[in-house]
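Below: one structure, written as structure tokens.
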Amino acid sequence: MFATINATSHERGLPRPGDDIISPADVVMDHAFTVDGVPELVWPWLVQLGKWRAGWYLPWAIERLLPPSRRATRQILPQWQHLQIGDSIPDYGGKNETFQVARLQAPESVVYTSRRGRTAVTWSITLEPVSDGAAPTLTRVFLRLRLAPVRRKRLVRTVGGFVDAVTVAGMAGGLRERLAGHRTS
């Protein structure tokens, strides 16, 4: 149900788009997972993420427990495919919380920025094709969350890290189902 989302130590050490926006970061959380499909097939699912947009993906086994109005879409919606720098994306982190699109390189990466109290946040999503010598058929999805300043770093790394990991694992599982065309109601 929940997907494995462990970034390798090599992956955690690589620079990602948006790293320079918050530098140095007090807390960095890296996650990665692999999905079936080339980046061009994965990208439309990721650009439509967000509250009051396509939602935040979860596996059906969990999503079916939510009221229908809170479930994420299981299709690509044309109205959410035109993401641009400067767009504001509502987030579930609070009533008025949003992410702003800071950088966009379709179908490779998107970087969002936000401010949570006095803490600046960046969230980058990077897609890379996976090849075993043949034509790539898989995509590695990298997610990096950077925060600064952070007063209680240990608390954010543990509690925030746990919440981030559960959220990303759910999203990874839900994205995999959607890419596979899995549809149950």
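The values are calculated or read from the model by the stated rules, or taken from the named source; none is laboratory data. These numbers were taken from a predicted model, which means no experiment stands behind them. Don't worry about glycine lacking a Cβ; one is built from the backbone with ideal geometry, like all the others, and counts go over all protein chains shown.
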* **Count of residues meeting criterion [farther than 17 Å from Leu143 by Cα, polar (S, T, N, Q) and part of a strand (DSSP E or B)] in segment 89-106** => 1
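Residues being assigned to a loop (DSSP other than H, G, I, E, B), among the hydrophobic types (A, V, I, L, M, F, W, C), in contact (Cβ under 8 Å) with a residue 24 or more places away in the chain and surrounded by fewer than 18 Cβ atoms within 10 Å (Cβ to Cβ): count how many of those fall in segment 57-79.
So the count comes out to 2.
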* To do: Output the qualifying pairs, or none if there are none: Cβ atoms under 8 angstrom, residues six or more apart or on different chains, first residue in segment 80-92 and in contact (Cβ under 8 Å) with a residue 24 or more places away in the chain, second residue surrounded by fewer than 12 Cβ atoms within 10 Å (Cβ to Cβ) and not in a helix (DSSP H, G or I).
  => Pro90/Trp52
* Asked: Given Gly173, Gly94, which one is of a type in the set (Gly, Ala, Ser), surrounded by 14 or more Cβ atoms within 10 Å (Cβ to Cβ) and farther than 15 Å from Pro44 by Cα?
  -> Gly173
* Asked: Taking the stated definitions as given, is Val110 in contact (Cβ under 8 Å) with a residue 24 or more places away in the chain, over 17 Å from Gln48 (Cβ atoms) and among the β-branched types (Val, Ile, Thr)?
  -> no
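Among what's in segment 107-134 and is in a loop (DSSP other than H, G, I, E, B) and out of contact with any Pro (no Cβ under 9 Å at 6 or more places or on another chain), pick the residue that is modelled with the highest pLDDT.
So the residue we want is Gly117.
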* To do: Kindly check whether there is at least one residue in segment 80-90 that is in contact with a Pro (Cβ under 8 Å, 6 or more places away or on another chain) and either exposed (fewer than 12 other Cβ atoms within 10 Å of the Cβ) or not hydrophobic (A, V, I, L, M, F, W, C) (or both).
  => yes
* Name, by its number, the condition in (1) among the acidic types (Asp, Glu); (2) assigned to a helix (DSSP H, G or I); (3) in contact with a Lys or Arg (Cβ under 9 Å, 6 or more places away or on another chain) that does not hold for Glu40. => (3)
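Rundown of residues vs (1) in contact with a helix residue (DSSP H, G or I) (Cβ under 6 Å, 6 or more places away or on another chain); (2) aliphatic (A, V, I, L, M), yes/no style:
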site: Leu14; (1), (2): no, yes
site: Gly18; (1), (2): no, no
site: Phe33; (1), (2): yes, no
site: Ser69; (1), (2): no, no
* Taking the options Ile85, Ile89, name whichever one is modelled with pLDDT under 95 and touching a Leu at 6+ places or on another chain (Cβ under 9 Å). => Ile89
* Among the candidates Ala120, Ala106, Ala134, residue that is crowded, with 16+ Cβ neighbours inside 10 Å and either of a type in the set (Gly, Ala, Ser) or over 13 Å from the mean Cα position of the chain (by Cα) (or both) -> Ala120
* Structure fact -> Within segment 135-173, residues within 13 Å of Asp26 (Cα to Cα), part of a loop (DSSP other than H, G, I, E, B) and of a type outside the set (A, V, I, L, M, F, W, C) come out as Pro149, Arg151, Arg152
